[in-house]
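K.L.:
Let me begin by handing over the structure; questions about it come next.
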Amino acid sequence: MLTIPRDGWREDPASMDLSRRRGGALHSGRHLMDRRKFIGGAAKGAIGAGVAGLGASSLAAPAIAQERPQIQWRLTSSFPKSLDTLYGTAEALADHVREISDGQFDIQLFAAGEIVPGGQVLDAVQGGTVELGHTASYYYVGKNPAFAFGTAVPFGLNARQQNAWFYEGGGNELLNEFYAKSGVHAMPAGNTGAQMGGWYRKEINSVEDLKGLKLRIAGLAGRVVEKLGVVPQQIAAGDIYAALERGTLDAVEFVGPYDDEKLGFYRVAPYYYYPAWWEGGAALHLMVNADKWNSLPDSYKAMLNAASRAVNCSMMASYDYRNPLALKRLAEGGAQLRPFSQEIMQASFAAAQELHEEIASENEDYRKLMESQNAFKRDAYLWSQISEYTFDTFMMVKQREGAL
């Protein structure tokens, strides 16, 4: 679960030192993706049509810049600066909008807590405190459970499927119909990929082992596991380690290896379970105040769309590069990987389906989004088991054989 730290992160010094000593990706400038180079050329090309539509295609770049209005907006993130992949994605987006507009469209960035807490980004955008927000839609399921479909729902889609549903399957259009009721327009702007199922102080082999388990988990996932006897807990990120150490928590669901490594959970809860069936691909969104969006020139809308699409890709690439390296370091440090048993997976699936139906029966927004995503999901998994699954499985066997 993408979490909202109350006071930022308390990084585990030992794990950070470990990553540096072993050439990990945490601070390896040699391997860090240059987001500006990645996006700059593509994004400029993507907005070319928008600029041409304004009749400026034959003008020199300085003349075009002079004709564009100077706009300065503020963007608040749901994440602290210590999260280079999450907060850093908003930084990259702002940088590239500034670059492709030749400095005419400037976005000033604020971390969680600098203007509003991370969990109030939607409210800040909706109310006009800021024009933009970079956040996870499912933080707002307390307002309406349908917000979950912007990020991830239990037993939903993986990251590639999320993007296919967003861009080609009508997901963006349906979500923006829903978001419009809250006075915002939104576009996908990042994805963590499949997350891990969390850190546990003891092994969890059966549904019986879940009963009475104090697990830090929130949102719809918390409502699902509650049906299995789990006691969901909501604790600020900075307090998790101490709660695990004292036994106030039995387990914690967080993000994945790269982000989890920073908190050193494996020292007090060594069993690292997978998969996070509640987050097969957790998407982030750039949310824009609807009135401000409608007032933007078309070329500036194109800039935001192009930059959002680009960081949506680069964030996934960032996690795909960093997570394997972090996972190896965690295993070397004592983390013990465990898959959830089929008994737990089947019981969780049944409980999730029950919850989906309960919500959909009384929430039209939820029902509409669920039916669209489910129709897409049936075909998506039909296709992926033919192509991706067979190829990936073969290559995974070769990896285990040491043949790669």
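K.L.:
Quote the Stokes-Einstein diffusion coefficient, in whole µm² s⁻¹, for region 300-404, based on the Kirkwood radius over alpha carbon pairs, a temperature of 20 °C and a viscosity of 1.002 mPa s.
P.N.:
117
K.L.:
Moving on. For region 70-102, which trypsin sites (Lys or Arg not before Pro) are in a loop by DSSP, counting at most 10 other Cβ atoms within 10 Å?
P.N.:
Of the trypsin sites (Lys or Arg not before Pro), not one in the loops of region 70-102 has a Cβ with at most 10 other Cβ atoms within 10 Å.
K.L.:
Taking a quarter of the surface of the convex hull around the Cα atoms of region 273-332, what do you get in nm²?
P.N.:
For the Cα atoms of region 273-332, the hull's average projected area reads 5.7 nm².
K.L.:
Beyond 21 Å between alpha-carbons counts as too far, so tell me which of Lys143/Lys368; Lys328/Lys398; Lys262/Lys328; Lys81/Lys143; Lys214/Lys328 fall in that bin.
P.N.:
Flagged as over cut-off: Lys81/Lys143; Lys214/Lys328.
K.L.:
Here is a follow-up. With charges only on Cβ, +1 for K and R and -1 for D and E, what is the dipole size of region 308-404 about its Cα centre, in debye, rounded to 20?
P.N.:
For this selection, approximately 640 debye.
K.L.:
Calculate, for Glu245 and Gln346, the FRET efficiency according to 1/(1 + (r/R0)^6) with r their C-beta to C-beta distance and R0 41 Å; round to the nearest 0.05.
P.N.:
Computed FRET efficiency for Glu245 and Gln346: 0.80.
K.L.:
At 0.36 nm per residue, minus the direct Cα-Cα distance, what do Phe391 and Ala317 gain on full extension? Give it in nm, one decimal, please.
P.N.:
24.7 nm
K.L.:
Out of region 135-211, which trypsin sites (Lys or Arg not before Pro) are coil in DSSP terms and have no more than 16 other C-beta atoms within 10 Å?
P.N.:
Here the trypsin sites (Lys or Arg not before Pro) that fit, given the DSSP loop and packing criteria, are Lys143, Lys202, Lys211.
Since every read-out is calculated from the coordinates, none of them should be taken as a lab result. Everything quoted here is computed from the prediction, not taken from an experiment. Neighbour counts run over all protein chains shown; Cβ positions are idealised from the backbone, glycine included.
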